[in-house]
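Remarks on the structure that follows.
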Amino acid sequence: MFVRTEGLPQTPQQHMKVGVHTPIGSAVVLWGGDPREADGQHLVEWTVDEDIHWGQNTHPASPSQPELRQEGDQVIMRGLLHVTEDGAACLQMGHWSVLFDLASPIRVNMDDSWVQISARSDSITLYPYQV
């Protein structure tokens, strides 16, 4: 996904955080690239180090449209959930996808439905890449 990032003030011994701005919203996440390149336009891969826990950090969503937003120390991601054959899940947020592991089974009727997933801001990292 192509995003705009901006480096944020850092404290020593802390992973670098960036503000990430997308067509569907903004949030603060960790930066996995070169700190000198944190400001700018990047193609990125999203990694989330939290699993989907149905009924805890994952719930049915309304309205049915993708969204990214910050609520305190939580990043809220809304999108179309797809369960993969190997037991993982993919959240389709507009034109990009974020992969998740499942900590608990997803109800059968929730596959291919709109959900909202909440994850700690410091559990999400952006990794820039070039094509």
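Shown in residue order for region 34-48 are the 3J(HN,Hα) couplings computed by the Karplus curve 6.51 cos²θ - 1.76 cosθ + 1.60 at θ = phi - 60°: 5, x, 6, 10, 5, 8, x, 9, 9, 7, 9, 10, 9, 10, 10 Hz (x for Gly and Pro). Other residues whose C-beta falls under 15 angstrom from the C-beta of S104 contribute a net charge of -3, scoring Lys and Arg +1 and Asp and Glu -1. Figure legend: label point modelled 7 angstrom from the Cα of Q41 along Cα→Cβ; residues of region 1-22 with amide N under 12 Å from it are 2-5. What a 1.4 Å probe finds exposed on region 23-69 is 45% carbon and sulfur by accessible area, rounded to a whole percent. In whole Å, what is the distance between the alpha-carbon centres of region 81-131 and region 64-78? So the two Cα centres are separated by 13 Å. Remark: the D122-Q56 segment gains 22.0 nm on full extension, using 0.36 nm per residue and subtracting the alpha carbon distance. Charged neighbours of P60, selected by a Cβ distance under 11 Å, balance to +2 (K, R count +1; D, E count -1). A 1.4 Å probe run over the chain, with the rest of the protein chains in place, finds 55 Å² accessible per residue.
The values are calculated or read from the model by the stated rules, or taken from the named source; none is laboratory data. Since this is a predicted model, take the numbers as computed values, not measurements. Using ideal geometry, Cβ is built from the backbone for each residue, glycine included, and neighbour counts are taken over all protein chains shown. Heads up: the accessible areas ignore ligands, DNA and RNA and are worked out on the full protein's heavy atoms, side chains in. Shrake-Rupley method; radii C 1.70, N 1.55, O 1.52, S 1.80 Å.
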